[in-house]
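Below you'll find the structure, written out as structure tokens, and then a few comments.
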Amino acid sequence: MSASGMGSPQPVAPQSLPLSVRLNKGARSAPGDKLFPTAPAKDKGWQALANVLEVLTPSVDTDIPLSASQITDRISAMLNKGQNQAALNVIEKRQAQEQSGYMIGTDVQLMFLHARALAALGRTNEAIKIYNDMTTLYPELPEPWNNLAALYIKQGKLDMARDALRMALTANPKYPVAQANMGKVQLMLAHQSFDNAAQLGLSSAHGMAEQTQAILQKQP
């Protein structure tokens, strides 16, 4: 780290929730192409009959809102493309639906994506708060702990990053991303210790600091 001569920290890979982790409870929405539903107008007479016939026509109706899982997939794709502010706008609108009672329960994936969007926009402390909330609400998920570690490293908090990864591996000992990230954090801590020892006059520690630094620089 900067305090120990490391320079910028090597990135620790954040992670997305697996597709199997979706809703705490289902939301009232149907599959389609529209992100958010609009209130349907009440039709009478011939127009009502026309609407019924239109439903029977095999076509793609873009007025039908997307399902909850489809919306979170769209948001995730936006974040992957770097459309972070646009994704955040969609997330906040979706959260407003949750709070208004339109949706039943809490969308776990949406909560996770909210933290991802905030982190991508540099709003690190807000993202950390959401991830911390998730670790309390959903302790069985390792992904929030892993992403917390990535943010702690950006802040130079290696000990907290290591502790977060330990919790991720407690939740799922076979989680490969957290295992790899733990290795990176341990290398960073080793470099920090060797560098501190070298600055305190231990000449043999200088070479070890250089070796760990070289390994870290090779990390993707």
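Some notes on this structure:
- Within segment 161-198, being of a type in the set (S, T, N, Q) and in contact (Cβ under 8 Å) with a residue 60 or more places away in the chain holds for Asn181, Gln192, Asn196.
- Of all residues in segment 143-158, those satisfying the criterion of being without any contact (Cβ under 8 Å) to a residue 60 or more places away in the chain and in a loop (DSSP other than H, G, I, E, B) are Gln155, Lys157.
- All positions within segment 108-124 that are small (Gly, Ala, Ser) and outside any loop (DSSP other than H, G, I, E, B): Ala115, Ala117, Ala119, Ala120
- Some residue of segment 166-179 being β-branched (Val, Ile, Thr), buried (at least 16 other Cβ atoms within 10 Å of the Cβ) and not assigned by TED's automatic domain parsing to the domain that holds Arg116: yes
- Test: Pro139 is assigned to a helix (DSSP H, G or I) and either under 21 Å from Asn84 (Cα atoms) or at pLDDT below 95 (or both): no
- Every pair of residues 6+ apart whose Cβ atoms lie under 7 Å, when the first sits in segment 69-97 and is within 17 Å of Ala127 (Cβ to Cβ) while the second is hydroxyl-bearing (Ser, Thr, Tyr) and surrounded by fewer than 18 Cβ atoms within 10 Å (Cβ to Cβ): Ser76/Ser16
- When each of Ala209, Ala178, Ala164, Ala150 is tested for being closer than 28 Å to Arg116 by Cβ, at pLDDT below 95 and in contact with a Phe, Trp or Tyr (Cβ under 9 Å, 6 or more places away or on another chain), the lone residue that passes is Ala178.
- Restricting Ser67, Ser76 to those that are under 26 Å from Lys154 (Cα atoms), modelled with pLDDT of 50 or more and surrounded by 16 or more Cβ atoms within 10 Å (Cβ to Cβ) reduces the list to Ser76.
- Residue match in segment 135-155 (condition: crowded, with 17+ Cβ neighbours inside 10 Å, in contact with an Asp or Glu (Cβ under 6 Å, 6 or more places away or on another chain) and under 27 Å from Glu92 (Cβ atoms)): no
The values are calculated or read from the model by the stated rules, or taken from the named source; none is laboratory data. Note that the structure is a prediction, hence the values are computed from the model and not measured. Note: ideal-geometry Cβ built from the backbone for every residue, glycine included; neighbour counts use all protein chains shown.
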